[in-house]
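Worksheet: one structure, shown below.
The values are calculated or read from the model by the stated rules, or taken from the named source; none is laboratory data. All figures in this text were calculated on a predicted structure; none of them were measured in a lab. Here the Cβ is made from the backbone with ideal geometry for all residues, glycine too, and neighbour counts use every protein chain on show.
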Amino acid sequence: QFVAGTHPLTGRPGWWDRLVGPGRILDTDRYFIVCANVPGGCMGSIGPASIDPATGRPYGPDFPGLTVADMVRAEALLLDHLGIGDLFLVIGGSMGGMQALEWLRLYPERVFAAAAFAVGARHSAQQIALHAIGRQAILNDPDYQDGRYHGSGRAPVGGLAVARMLAHLSYRSPEELAARFGRRLQDRDTPSYGFGIDYQVESYLAHHGHRFVERFDPLSYLVITKAMDHFDLAPDGDLAAAFRGCRATVFLAAYATDWLYPPDETAALAEGLAAAGLEVDFAVHEVLTGHDSFLLEVPSADRALARFLDRMAARRGL
């Protein structure tokens with residue numbers, strides 16, 4: 001039985017190792033799991049850093065704009081190439097959840113079940129605004145060079161680090177930051193009263209920003225965040241109509257402290273899917289770790305997913 005795993009925005013190899021593997025919830029002894037890098041990214045599939053055969057140079061800013069639906073169409077072509085017809089499950093969190101939902105909308109006949117974590121039916125004004133600030137940090141970096149920085153020895157890594165700091169902040173919750181850091185100082189007894197790092201939370205965000213630029217391309221960040229901002233399963237507002245005819249069973253998980261993709265957005269998604277006649281298993285999980293909870297061990301969510309998969313496997317006759 002084939003399972004398609006779909007990536008979050010900046011996922012790296014092993015980002016869901018706690019769920020995927022022999023004897024784990026996504027048991028590789030039981031399921032054949034396919035997880036493709038998205039087009040537009042920088043980890044294998046074609047993206048802005050790839051060579052344009054027409055010029056012999058990187059695509060750079062000439063790389064075309066994408067949508068999440070385009071990512072899913074590319075995944076469908078990959079499965080066609082591999083000779084895989086239908087899927088037992090499509091699963092993902094955040095942007096991966098968007099892809100799972102687009103699979104249901106675009107290829108309802110190919111998907112038996114889907115699981116999406118920390119996602120809504122469309123990108124909200126706040127989600128777009130946060131991405132816009134991050135993109136501006138990159139675009140206004142003097143090393144951006146109109147997007148033609150590949151091969152120059154300089155890249156807008158300062159802007160990308162700031163974009164990542166903002167994004168990472170949105171992935172955590174105020175409650176978690178208060179518990180982990182509060183107002184504690186970093187390697188000092190009193191504030192410096194300068195503009196450098198005084199507080200532990202500042203050091204934490206700077207660390208994540210600097211680490212990120214070592215593995216991600218700034219233009220890929222622009223392309224993928226814009227694709228996420230275009231995400232809207234039902235531009236006319238009629239989710240029921242968008243999914244009418246789909247017969248998959250859907251698992252949805254939201255997290256109480258996720259202020260980036262709040263639980264009420266996932267609840268509205270669940271309501272729309274149910275109105276289309278889909279069977280929906282939806283729950284909000286109480287946890288302090290905000291949006292990134294889908295990457296972490298949340299026992300209640302893990303148990304719910306395991307039960308869902310067991311039920312779907314029994315229904316499928318596995």
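Worth a mention:
- Test: residue in the stretch 196-204 that is outside the structural domain of residue 102 (by TED's automatic domain parsing) and within 30 Å of residue 47 (Cβ to Cβ): yes
- In this structure, residue 295 does satisfy being in the same structural domain as residue 118 (by TED's automatic domain parsing) and within 28 Å of residue 158 (Cα to Cα).
- Residue check, residue 20 closer than 26 Å to residue 254 by Cβ, at pLDDT below 95 and in the same structural domain as residue 271 (by TED's automatic domain parsing): yes
- As a summary of the residue check, residue 305 satisfies the conditions (1) in a helix (DSSP H, G or I); (2) more than 25 Å from residue 20 (Cβ to Cβ); (3) at pLDDT 95 or above except for the one numbered (2).
- Just one of the numbered conditions (1) loosely packed, with under 14 Cβ neighbours inside 10 Å; (2) among the acidic types (Asp, Glu); (3) under 21 Å from the mean Cα position of the chain (by Cα) is not true of residue 70: (1).
- Residue 239 vs. criteria closer than 30 Å to residue 48 by Cβ and within 26 Å of the chain's Cα centre (by Cα): no
- Of the criteria (1) farther than 25 Å from residue 127 by Cβ; (2) surrounded by 15 or more Cβ atoms within 10 Å (Cβ to Cβ), which one residue 171 fails: (1)
- Residue check, residue 159 part of a helix (DSSP H, G or I) and either within 22 Å of residue 274 (Cα to Cα) or free of Cβ contacts under 8 Å to residues at least 40 places away in the same chain (or both): no
- Near pairs, Cβ below 8 angstrom, 6+ apart or cross-chain, from the stretch 1-23 (closer than 20 Å to residue 304 by Cβ and charged (D, E, K, R)) to any residue that is modelled with pLDDT of 70 or more and surrounded by 15 or more Cβ atoms within 10 Å (Cβ to Cβ): 18/24
- The sole residue among 41, 92, 96 that is under 27 Å from residue 150 (Cα atoms), crowded, with 20+ Cβ neighbours inside 10 Å and among the small types (Gly, Ala, Ser) is 41.
- Screening residue 147 against (1) touching a residue at least 24 places away in the same chain (Cβ under 8 Å); (2) on the phi > 0 side of the Ramachandran plot; (3) surrounded by fewer than 16 Cβ atoms within 10 Å (Cβ to Cβ); (4) among the small types (Gly, Ala, Ser) leaves a single unmet condition, (3).
- For residue 119: the one exception among (1) in contact (Cβ under 8 Å) with a residue 40 or more places away in the chain; (2) farther than 23 Å from residue 267 by Cα; (3) aliphatic (A, V, I, L, M); (4) assigned to a loop (DSSP other than H, G, I, E, B): (2)
- Residue count for the stretch 54-67 satisfying the condition of being polar (S, T, N, Q) and surrounded by fewer than 11 Cβ atoms within 10 Å (Cβ to Cβ): 1.
- Being outside any helix (DSSP H, G or I), surrounded by fewer than 18 Cβ atoms within 10 Å (Cβ to Cβ) and either without any contact (Cβ under 8 Å) to a residue 60 or more places away in the chain or among the hydroxyl-bearing types (Ser, Thr, Tyr) (or both) is a property that residue 274 lacks.
- Residue list for the stretch 175-200, restricted to those being in contact with a Ser or Thr (Cβ under 8 Å, 6 or more places away or on another chain) and within 22 Å of residue 134 (Cα to Cα): 197
- Which listed residue is over 30 Å from residue 299 (Cα atoms), buried (at least 18 other Cβ atoms within 10 Å of the Cβ) and in contact (Cβ under 8 Å) with a residue 40 or more places away in the chain, from 227, 254, 234, 248: 227
Residues checked against (1) modelled with pLDDT of 95 or more; (2) part of a loop (DSSP other than H, G, I, E, B):
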residue: 45; (1), (2): no, yes
residue: 48; (1), (2): yes, yes
residue: 61; (1), (2): yes, no
residue: 75; (1), (2): yes, no
residue: 101; (1), (2): yes, no
residue: 109; (1), (2): yes, no
residue: 131; (1), (2): yes, no
residue: 136; (1), (2): yes, no
